[in-house]
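> One structure is given below, represented as structure tokens, and several questions about it will come after.
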Amino acid sequence: MAHIDDHLVLRVERLRDDVDALKADMRAHYPNKSRQVVSPDIREQAASVAERWLVEIAGRADIAAALGGNELADRSVLFQQLLTHSERATVRHKYDSTIGGILKEFRGAVVVPLKARRTASASPDTTLQLPAAQPIQQARIAFVGQSFLTADQTVNSSVARVLQALGLTVFTGERPKAAAVSKKVRERIDRSDVFVGIFSRRDRLEGKAEWNTSAWVIDEKAYALAKGKKLVLLREAGVGSIGGLQGDYEYLEFGREHLEDLIIRIVETFRNSEDVGG
């Protein structure tokens, strides 16, 4: 079983140093903060550090216990944003904002608590145990991450109605107003038993038969993952990345012309699945 030890603390410290190096390399290659970052090497560097946090750190209950669930989740959203930036041509100042948030008080808020929990972990009295996530069949509240485009209302409504028909209370987010998941949305996800993300088509990628999706829903997924929520991910056919599937979560693919198929699969998931994401 994974636990907080010197090796983990060292990996986290090196990750912080690599984020700092990314910041320096990006500014050296792109002195103008309004320029788009298109260098494959820089984008690969950004993706690498983001994935390391999201895969190795974000979903661990022991780290959440050491840092506090909100601290882990909020930083996970920032690393998710960094990964999203790396997947497309993004102006440098957006990287600056995200990297600045990642590095802010990193040692005090992340490294120091991990070191403290490392030395205290041998004592059962000092090890905080997080409650285990409920089986999905026992879920009573679902948070639905969705876009707010008019074109997506039919899909959103269909998903919400089938969840309500299954007896779940459904929460949704709100239209994005800032660069971070709002306090109100975080609180709604915290109160939920399961996160249902609808990754519908947004913009077609130039030269490809592929679409991106709402960056906001991707950020909400990262927050829910770090909070240990069950995940049910609905991806529209043609959508490329949904921010990585950290933990190798399965997703349900759907087409708008056959929403009845999606509804049936949602019912099957909530009625039959023993363990869906988380």
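> Take the alpha carbon gyration tensor of the stretch 156-230, find the square roots of its eigenvalues, order them as a ≥ b ≥ c, and report rounded if a/c is under 1.5; if not, report prolate when a/b exceeds b/c, else oblate.
Details: a/c = 2.10, a/b = 1.38, b/c = 1.52.
Oblate is the answer for the stretch 156-230, as a/c is 1.5 or above yet b/c matches or exceeds a/b.
> Follow-up question, since we're still on this one. Pull up the DSSP beta bridges for the chain and report the antiparallel fraction as a percent, rounded to 5.
15
> Sticking with this structure for a sec: In percent, how large is the relative contact order of the chain, given Cα pairs closer than 8 Å and 6 or more residues apart?
Answer for the chain is 20 percent.
> Which aspartates and glutamates does Lys23 reach when only Cα atoms under 15 Å apart count, and residues fewer than 8 places away in its own chain are ignored?
The qualifying aspartates and glutamates are Asp41, Glu44, Asp96.
> Follow-up. Under the 0.36 nm per residue contour assumption, what length would be gained going from the current alpha-carbon distance of Val38 and Asp25 to full extension?
3.4 nm
> Can you tell me the relative contact order of the stretch 136-272? Whole percent, Cα pairs under 8 Å, sequence separation 6 or more. It would help to have the intermediate numbers written out before the result.
Details: 219 pairs, mean separation 36.0, N = 137.
Relative contact order here is 26 percent.
> Follow-up. Pairs of Cα atoms under 8 Å, at least six residues apart: use those to get the relative contact order of the stretch 6-126, whole percent.
Reported as a whole number, the value is 35 percent.
> If the elastic network links every pair of Cα atoms under 10 Å, which of Asp190, Asp62, Asp17 fluctuates the most in the Gaussian network model of the chain?
Asp17
> Now for a separate question. Name the most mobile residue of Ala139, Ala224, Ala116, meaning the one with the largest mean-square fluctuation, in a Gaussian network model of the chain with Cα contacts below 10 Å.
Ala116
> Between Ser182 and Asp261, what is the label-to-label distance in nm when each label sits 7 Å out along the Cα-to-Cβ direction?
The modelled label-to-label distance comes out at 3.5 nm.
> Residue farthest toward the positive end of the dipole of the stretch 6-126, with Cβ of Lys/Arg at +1 and Asp/Glu at -1: which of Pro40, Val111, Thr90?
Thr90
> Here is a further query. Sorting Asp20, Asp152 on the 10 Å Cβ count, fewest up front, what's the list? Please list the in-between numbers first.
On the way: Asp20 15, Asp152 18.
In order of increasing Cβ crowding within 10 Å: Asp20, Asp152.
> Ranked highest first by average number of other Cβ atoms within 10 Å, how do 261-267, 77-83 line up?
Final packing ranking: 77-83, 261-267.
> Taking amide H positions as placed 1.01 Å from N in the peptide plane, with prolines and chain starts having none, which residues 5 or more places from Glu253, or on another chain, fall under 5 Å of its amide H?
Arg235
> Continuing with the same structure: Spin-label point model (7 Å from Cα, Cβ direction): what's the Gln164 to Ala209 distance in nm?
About 3.7 nm separates the two model spin labels.
> How much length, in nm to one decimal, is gained on full extension between Glu13 and Leu252, taken as 0.36 nm per residue of separation minus their Cα-Cα distance?
Difference between extended and current length: 82.4 nm.
> Determine ³J(HN,Hα), in whole Hz, for all residues of the stretch 187-204 in sequence, where each value follows from phi through the Karplus function 6.51 cos²θ - 1.76 cosθ + 1.60 and θ = phi - 60°; x replaces Gly and Pro.
Residue by residue, the stretch 187-204 yields 5, 5, 5, 4, 7, 8, 8, 8, 9, 10, x, 9, 9, 8, 5, 10, 10, 6 Hz.
> Tell me, what HN-Hα J-couplings in whole Hz come from the Karplus equation 6.51 cos²θ - 1.76 cosθ + 1.60 at θ = phi - 60° for each residue of the stretch 256-270, using x for Gly and Pro?
5, 6, 9, 5, 4, 5, 5, 4, 4, 5, 5, 4, 4, 4, 7
> Taking amide hydrogens as modeled 1.01 Å from N in the peptide plane, which residues meet the under 5 Å criterion relative to Leu231, leaving out close sequence neighbours?
When sequence neighbours closer than 5 places are left aside, the close amide H contacts are Phe195, Gly277, Gly278.
> Let me ask something additional. Could you pull out every residue, at least 5 positions away or on a different chain, whose amide H is within less than 5 Å of the one on Thr90? Hs are placed 1.01 Å off N in the peptide plane, and Pro or chain starts have none.
Val37
> So what is the orientation-averaged projected area of the stretch 136-272, using the convex hull of its C-alpha atoms, in nm²?
Approximately 8.2 nm², given one-decimal rounding.
> Also: With Cα extents along the principal axes in Å defined as stated, name the option among (i) 58, 49, 29; (ii) 89, 35, 29; (iii) 53, 49, 29 computed from the structure displayed.
Derived directly from the coordinates: (iii).
> Now, a different point. For Val91 and Ile141 in one chain, what is 0.36 nm times their gap in residues minus the Cα-Cα distance, to one decimal in nm?
14.2 nm
> What list do you get for Ser34, Ser241, Ser39, Ser214 if you sort them by fewest beta carbons within 10 Å?
The fewest-first ordering by Cβ neighbours comes to Ser34, Ser39, Ser241, Ser214.
> Apply the Karplus curve 6.51 cos²θ - 1.76 cosθ + 1.60, θ = phi - 60°, to the phi angles in the stretch 96-103 and return the couplings in whole Hz, x for Gly and Pro.
Going residue by residue, I get 4, 5, 5, 5, x, x, 5, 7 Hz, with x marking Gly and Pro.
Since every read-out is calculated from the coordinates, none of them should be taken as a lab result. Note that the coordinates shown come from a computational prediction; the quantities given were computed from them, not determined experimentally. When we count neighbours, we look across all protein chains shown, and the Cβ atoms used for this are built from the backbone with ideal geometry, even at glycine.
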